[in-house]
1. Do we find a residue being more than 9 Å from every other protein chain (Cβ to nearest Cβ), out of contact with any Asp or Glu (no Cβ under 9 Å at 6 or more places or on another chain) and at pLDDT 95 or above anywhere in segment B:231-241?
2. For B:ASP135, indicate whether it is within 25 Å of A:PRO488 (Cβ to Cβ), in contact with a helix residue (DSSP H, G or I) (Cβ under 8 Å, 6 or more places away or on another chain) and either modelled with pLDDT under 95 or of a type in the set (Asp, Glu) (or both).
3. Let me spell it out: the conditions are (1) within 14 Å of chain B (Cβ to nearest Cβ); (2) under 15 Å from A:TYR501 (Cβ atoms), and A:TYR343 meets all of them except one. Which number is the exception?
4. State yes or no: is B:HIS166 in contact with a helix residue (DSSP H, G or I) (Cβ under 6 Å, 6 or more places away or on another chain) and without any contact (Cβ under 8 Å) to a residue 24 or more places away in the chain?
5. Considering only segment B:141-192, how many residues are touching a Ser or Thr at 6+ places or on another chain (Cβ under 6 Å), farther than 30 Å from B:MET252 by Cβ and in a loop (DSSP other than H, G, I, E, B)?
6. Could you look through segment B:34-82, keep only residues that are β-branched (Val, Ile, Thr) and assigned to a loop (DSSP other than H, G, I, E, B), and pick out the one that is farthest from the chain's Cα centre (by Cα)?
7. Would you confirm, using the coordinates I've provided, whether A:GLY86 is in the same structural domain as A:PHE146 (by TED's automatic domain parsing), assigned to a helix (DSSP H, G or I) and within 22 Å of A:ALA362 (Cβ to Cβ)?
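The values are calculated or read from the model by the stated rules, or taken from the named source; none is laboratory data. All of these numbers come straight from a predicted model, not from anything done at the bench. Using ideal geometry, Cβ is built from the backbone for each residue, glycine included, and neighbour counts are taken over all protein chains shown.
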Amino acid sequence: MNLRHLKKLRIIVSLVVFAFILLLFIDFSTPFIDSVSNFFIRLQLFPSILRFFALFFTISGLGFLLIILISLFFGRVYCSSLCPLGTLQDIIIAISKRLKPKKKKRFTYSRFSNRILRYGILTVTILFWVLGSLFLINLLDPFSNFGKISVTFFQPLIYWINNSINIVLENFGIYSLRPLDFKSLPLNVVLVSTVIFLVIAILSVWRGRLFCNTLCPAGAALGLISETSLFKIAFNEKACSGCMKCEHVCKAQCLDSKNQFIDQGRCVSCFNCFTACPNNGFYYKYRFAGKNNFTDPSDNHGKNRRNFLISLASATLAIPIVSSNKLLAQSAGAGSIPTGTSYPVTPPGSLSHNHFTSKCIACYLCVGVCPTNVIVPSFFDYGLEGFMQPKLDYHKNFCNFDCVKCTEVCPTGAITKLSKKEKATTQIGIAKFMPESCIVVVQGTDCGACAEHCPTQALQMIPYNDIFLPEVTPELCVGCGACEYACPTEPYKAIFVESNYKHKEALPIEEANGPREHDEDEFPF
Amino acid sequence: MDRRDFLKKGFLYSLSGSLITTASGFFSNVFGKGNSLPDLVAVRGSDPVTMYKRGIDEIGGMSRFVKRGQTVVVKPNIGWDVPPERAANTNPHLVKAIIESCYEAGARRVYCFDNTCDNWRRSYKNSGIEDAVNDANGQMVPGNQERYYHDVDIPGTKKLKNVKVHELLMESDLYINVPVLKHHGSTTLTIAMKNLMGVVWDRRFYHRNDLHQCIADFCLFERKPKLNIVDAYLVMTKNGPRGTSTSDLTRMKSLLISPDIVAIDSASARLFGADPNNIGHMRIAEKLGIGSLDLSKRNIERVYL
């Protein structure tokens, strides 16, 4: 096989993966797109690892093993082909190259390998995670960030284009496009997404895949593996004419053409050098093949390990800070009685606050696909350990009784899959009625907006003077929030859903026996 | 022409159109055989489509209401994301048959929408109504965004002084109200008058400001349904308006047609087994002079199939 084609292959694969994952995030849903996208999402490093443990060693969470295996053989193929944020950076790099003056288009080898920084961040990230906080994964993981950027920028952009065209068409009586409702994103979340997007864009325009080799914990983890991968990209000394074309196309800035050295830990396997070399001077070299042109200095390994140990030690110092925060967050919840406002409502299938907050990487896929837009990102609502994780906001909308969309897409298993039947008895919270602020009691007029919307009849209207007053049967309530959303009182609702810290089971709806036959033949008028 | 102009002109055109049609209806009533036509037709004993076809013939055919070249809005109840067999929404086959007969009467275009309670996409789809409308070459129109709704004043009302109404209701020549007869937790029943809550934007205003009064108030709005068709084939007799299962239903195999919204609500209430005088918005509507709940003096055609 001519290895020059590897770059083309990488570009095609990465664009296909990128396109499908993006389509899922902007909620362009068909069964085909959903199944392909879901397959690619299983191949994302941290989401896959989290899924593996969240769903008790599920096969669908084994994607990370494949990634590790590929990395053990061929290096960080994941970073250039499967990671959507990597492809996004490549797209930004490609665009910026067209705009830059000729000289600045070139990359040059960077001696500074960022090892302490990147392994340090990886270590601290893992330590946070072990201690129960996904704070750093939520902030740094590439898939999570790609999701945040998609939901904050790409989805609204597509929706805006769609709605603008739609308005024009509607004036001509054409209703074939449907108007789409924008997700409501809190300002602070938009701000964080913007900063993340800007940082990534600036870093990539400035120095290629710098984000991947400094801040990205997935890149660091795979880099660590790749340093000892079985096959490595290597120089053919005889072929090199010293033209430096390879070095100038190296986005990771890990290729030193003068010394014919490639920093394997930083190489993202983009294969640009294969194509750039006019003499086909690059090849994959078996790690244990002869020592003649193996360019990685042997002391480098020892250095890596030392760096890793140093960062491990420095990260250990961070433990007290993290754990004390964790304790603080817990004691605030343990003693107090939870109400709708003290804990956010977590999506159906998320089992409990602990399960959800310890598995969700805030990628906002559930936010992007929710048809009612009831799932919205939060900021510090879950405390430090659940930074930016989504919640259900019943002032925005309510959870559709027959919809299980979010449970089907969650990549990490933070939201476990539910069938419609299972969801119908999953109680994520319980409605609490406040008669003293209800229209019926205060104004003495009929209302019943809450009971009208209740899908399980957990809310029923009972006779009250000459009118009807709502009454809650908690055992039937699933906590969907339809009542809270529909309640017309302002500024506070007369009925609200109190979150279940641990999701419970509601009584099932009585079995359907079909319609009764009407026994009267004549009209009663 | 900007959007405002477009809407204004559309409104004027439709207003003049409706004036002509009301005038022509008046003349045909005076000089034609109009007097012998019933005020209300009640059909019983078959499937919704068969009952509708017989019923519309009895009341003078769709051409009595829809004239050649007119645009029509058919307004079913599509409030809920539930399948047709749960009868929380109007029967889709009935909606299809109504749209087809509008076209047969010469309608230029037939639109269909509802401001749904559950998510609109899912309700349109899972009620079966979107597919039924498409099959009949009708035009399904969204009702989910505020920009479709425009402020109108309703003089003579007690609570509902002004309200945002869907633009298609203003722009088209006439609209046909196609509710499904159901139990309702707070208004006891939801029939024709209550179904018109689906053409306005802010339902919460109704709930906040005396629900029954607002429902009746809206019937004073100048744009009134030209025809009301009540689907009472499967009737939700408890747990309404959404229902929880098919156990909530009774198969009444009935259908009612009338241009008179109060008369049809009164008759449907009786069919349900309730006294219309006990239902707030019906009582208020009678008081407002919109119509009479008393059916004894009305020309009612009862058909048993």
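1. Scanning segment B:231-241, I find at least one residue that is more than 9 Å from every other protein chain (Cβ to nearest Cβ), out of contact with any Asp or Glu (no Cβ under 9 Å at 6 or more places or on another chain) and at pLDDT 95 or above, so the answer is yes.
2. The answer is no for B:ASP135.
3. Result: A:TYR343 passes all but (1).
4. Against the criterion (in contact with a helix residue (DSSP H, G or I) (Cβ under 6 Å, 6 or more places away or on another chain) and without any contact (Cβ under 8 Å) to a residue 24 or more places away in the chain), B:HIS166 does not qualify.
5. Residues in segment B:141-192 being touching a Ser or Thr at 6+ places or on another chain (Cβ under 6 Å), farther than 30 Å from B:MET252 by Cβ and in a loop (DSSP other than H, G, I, E, B): 2 in total.
6. B:VAL82
7. Answer is yes for this residue.
So that you can scan it fast, the table gives a plain yes or no per residue for (1) within 20 Å of B:SER245 (Cα to Cα); (2) within 8 Å of chain B (Cβ to nearest Cβ):
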{"residue": "A:VAL478", "(1), (2)": "yes, no"}
{"residue": "A:CYS483", "(1), (2)": "yes, no"}
{"residue": "A:ALA486", "(1), (2)": "no, yes"}
{"residue": "A:LYS493", "(1), (2)": "no, no"}
{"residue": "A:GLU505", "(1), (2)": "yes, no"}
{"residue": "A:PRO508", "(1), (2)": "yes, no"}
{"residue": "A:GLU511", "(1), (2)": "yes, yes"}
{"residue": "A:ASP519", "(1), (2)": "no, no"}
{"residue": "A:PRO524", "(1), (2)": "no, yes"}
